[in-house]
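Below: one structure, written as structure tokens.
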Amino acid sequence: MAVQLELGGRRVLVMGASSGIGRAVAVLAARSGARVVLAARRAAQLEASAAELRAAGADALALACDVTREDECRRGVKRAIAALGGLDAFVYASGVSPLCLLGEAGQAAWRQVLDVNLIGASLVTAAAVPALAESRGRAVYVGSYSERQSLPGIGLYSVSKSALRALIDAWRLEHPAVEFTRVVLGNTAGTEFAKAWGAERTAAITKLWIERGMFPAPKMMPLSHASEAICSVLALRGFIDEVGVMPRPGDLEMES
């Protein structure tokens, strides 16, 4: 059963909206009445999603933006604010998670993860804060339970999410007029994190997990649970520090 949310007229920017959690949030927010700008690197996928939403009567706009480029972060947020006539909220769902042991990780791997998962989040926030302060709006960031319960091979991702938590705290101290919220998600099906890992690499790391008694993998929850949690935060008024959403036994079976 679909969750009913009231987001009528809310002006929302979703970063990382071309797939996975970001796309699911953008779709649910638009269907709940929000005016949504979908932003990410992959322009074709964004436009297809935005066109589908517009055909269903929603107010949705696609905007190409690479969060690893400072100029595109500033320009993209500025264009979103101009298109929406202001900003009530943004959701930062951009993220990458290489499958890489810490001893193997070089500068390029660390820079990729931190550029997307941490630095990009701060650059987008910096560009959005003036508009959010004016509307007394909310900045929402996707956190991960892997920060608390990690596995060998995803340490770079876990470290970046721990740093993101500290970043949110710092922004909150500097800009008390803006609501900063972290939504911590458990393992979620339907994302593209594992897409670039490759079968051989995945098999090798999985073997390590099995040898150390860390397998089978934790339970998974459907994308709808993640998007409902994030959009619920957008719909609520008042300060929300952190929300955690974890999978339950049978979640995916119930969804199907």
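The values are calculated or read from the model by the stated rules, or taken from the named source; none is laboratory data. Note that the coordinates shown come from a computational prediction; the quantities given were computed from them, not determined experimentally. Counting neighbours? That spans all protein chains shown, and the Cβs are built from the backbone with ideal geometry, glycine included.
For GLY95, all conditions in the list (1) modelled with pLDDT under 95; (2) farther than 30 Å from GLY8 by Cβ; (3) not basic (Lys, Arg) hold save one; what is the number of the exception?
All conditions are met except number (2).
Can you tell me how many residues in the range 123-156 are closer than 17 Å to ASP169 by Cα and surrounded by fewer than 17 Cβ atoms within 10 Å (Cβ to Cβ)? Steps first, answer last, please.
Let us first name the residues in the range 123-156 that are closer than 17 Å to ASP169 by Cα, namely 123-126, 128-129, 132-133, 137-144, 147.
Pick out the ones that are also surrounded by fewer than 17 Cβ atoms within 10 Å (Cβ to Cβ) and you get 126, 133.
Matching residues across the range 123-156 total 2.
Name every residue in the range 218-250 that is more than 17 Å from TYR145 (Cβ to Cβ), part of a loop (DSSP other than H, G, I, E, B) and within 18 Å of the chain's Cα centre (by Cα), in order of residue number.
ILE240
Taking the range 59-70 as the region of interest, how many residues are out of contact with any strand residue (DSSP E or B) (no Cβ under 7 Å at 6 or more places or on another chain) and either farther than 16 Å from VAL116 by Cβ or touching a residue at least 40 places away in the same chain (Cβ under 8 Å) (or both)? Working first, answer last.
First, the residues of the range 59-70 that are out of contact with any strand residue (DSSP E or B) (no Cβ under 7 Å at 6 or more places or on another chain): 64, 66, 68-70.
If we keep only those that are either farther than 16 Å from VAL116 by Cβ or touching a residue at least 40 places away in the same chain (Cβ under 8 Å) (or both) as well, we get 68, 70.
Summing the residues that are out of contact with any strand residue (DSSP E or B) (no Cβ under 7 Å at 6 or more places or on another chain) and either farther than 16 Å from VAL116 by Cβ or touching a residue at least 40 places away in the same chain (Cβ under 8 Å) (or both) in the range 59-70 gives 2.
Select from the range 65-76 the residues that are within 16 Å of the chain's Cα centre (by Cα) and under 11 Å from MET15 (Cα atoms) and write down the one among them that is surrounded by the most Cβ atoms within 10 Å (Cβ to Cβ). It would help to see each step written out before you state the result.
Of the range 65-76, the ones within 16 Å of the chain's Cα centre (by Cα) are 65-68, 73.
Still in the list and also under 11 Å from MET15 (Cα atoms): 65-67, 73.
On the way: CYS65: 27, ASP66: 18, VAL67: 25, CYS73: 25.
So the residue we want is CYS65.
Given the condition modelled with pLDDT under 95, within 16 Å of PRO152 (Cβ to Cβ) and among the small types (Gly, Ala, Ser), answer yes or no: does some residue in the range 176-197 qualify?
yes
Give the residues of the range 8-23 that are part of a loop (DSSP other than H, G, I, E, B), within 21 Å of VAL129 (Cβ to Cβ) and of a type outside the set (D, E, K, R), sorted by residue number.
If the condition is that a residue be part of a loop (DSSP other than H, G, I, E, B), within 21 Å of VAL129 (Cβ to Cβ) and of a type outside the set (D, E, K, R), then GLY16, ALA17 are the ones that fit.
Which one of the conditions (1) closer than 27 Å to GLN107 by Cβ; (2) crowded, with 18+ Cβ neighbours inside 10 Å does ALA203 fail to meet, given that it meets all the rest?
Answer for ALA203: the failing condition is (2).
Taking the condition of being without any contact (Cβ under 8 Å) to a residue 40 or more places away in the chain, closer than 22 Å to ALA131 by Cβ and buried (at least 17 other Cβ atoms within 10 Å of the Cβ), how many residues in the range 27-56 meet it? Break it down stepwise before answering.
Quick first cut of the range 27-56, residues without any contact (Cβ under 8 Å) to a residue 40 or more places away in the chain only: 30-31, 33, 36, 38, 41-56.
Pick out the ones that are also closer than 22 Å to ALA131 by Cβ and you get 30, 33, 36, 38, 46, 50.
This time we only want the ones that are buried (at least 17 other Cβ atoms within 10 Å of the Cβ), so: 30, 36, 38, 46, 50.
Summing the residues that are without any contact (Cβ under 8 Å) to a residue 40 or more places away in the chain, closer than 22 Å to ALA131 by Cβ and buried (at least 17 other Cβ atoms within 10 Å of the Cβ) in the range 27-56 gives 5.
Output the residue which, of all residues in the range 172-189 that are surrounded by fewer than 18 Cβ atoms within 10 Å (Cβ to Cβ) and closer than 22 Å to ALA229 by Cα, is farthest from the chain's Cα centre (by Cα). Step through it out loud before you land on a result.
Here is the first cut: in the range 172-189, the residues surrounded by fewer than 18 Cβ atoms within 10 Å (Cβ to Cβ) are 172-177, 187, 189.
With closer than 22 Å to ALA229 by Cα added as a condition, the list becomes 172, 187, 189.
Numbers: ARG172: 18, ASN187: 13, ALA189: 14 Å.
Here the answer is ARG172.
Restricting attention to the range 24-66, report how many residues are among the acidic types (Asp, Glu) and assigned to a helix (DSSP H, G or I).
Taking the range 24-66 as the starting set, the residues that turn out to be among the acidic types (Asp, Glu) are 47, 52, 59, 66.
Still in the running and assigned to a helix (DSSP H, G or I): 47, 52.
The total comes to 2.
Can you tell which of ALA17, ALA29 is touching a Cys at 6+ places or on another chain (Cβ under 8 Å), of a type in the set (A, V, I, L, M, F, W, C) and under 25 Å from SER232 (Cβ atoms)?
Details: ALA17 fails: touching a Cys at 6+ places or on another chain (Cβ under 8 Å).
From the options ALA17, ALA29, the qualifying one is ALA29.
Sort out which residues of the range 121-166 are out of contact with any strand residue (DSSP E or B) (no Cβ under 8 Å at 6 or more places or on another chain), assigned to a helix (DSSP H, G or I) and closer than 25 Å to ALA109 by Cα, and write them in order of number.
SER122, LEU123, ALA126, SER146, GLY155, LEU156, VAL159, SER160, SER162, ALA163, ALA166
Among the residues of the range 71-112, what is the count of those that are outside any loop (DSSP other than H, G, I, E, B), within 18 Å of LYS161 (Cβ to Cβ) and either without any contact (Cβ under 8 Å) to a residue 60 or more places away in the chain or small (Gly, Ala, Ser) (or both)?
The number of residues fulfilling the criteria is 5.
Could you grab the pairs with beta carbons closer than 7 Å, sequence gap of 6+ or different chains, first residue in the range 151-174 and touching a residue at least 40 places away in the same chain (Cβ under 8 Å) and within 30 Å of ARG212 (Cβ to Cβ), second one in a loop (DSSP other than H, G, I, E, B) and among the hydroxyl-bearing types (Ser, Thr, Tyr)?
Close Cβ pairs satisfying both conditions: ILE154/SER97; TYR157/SER97.
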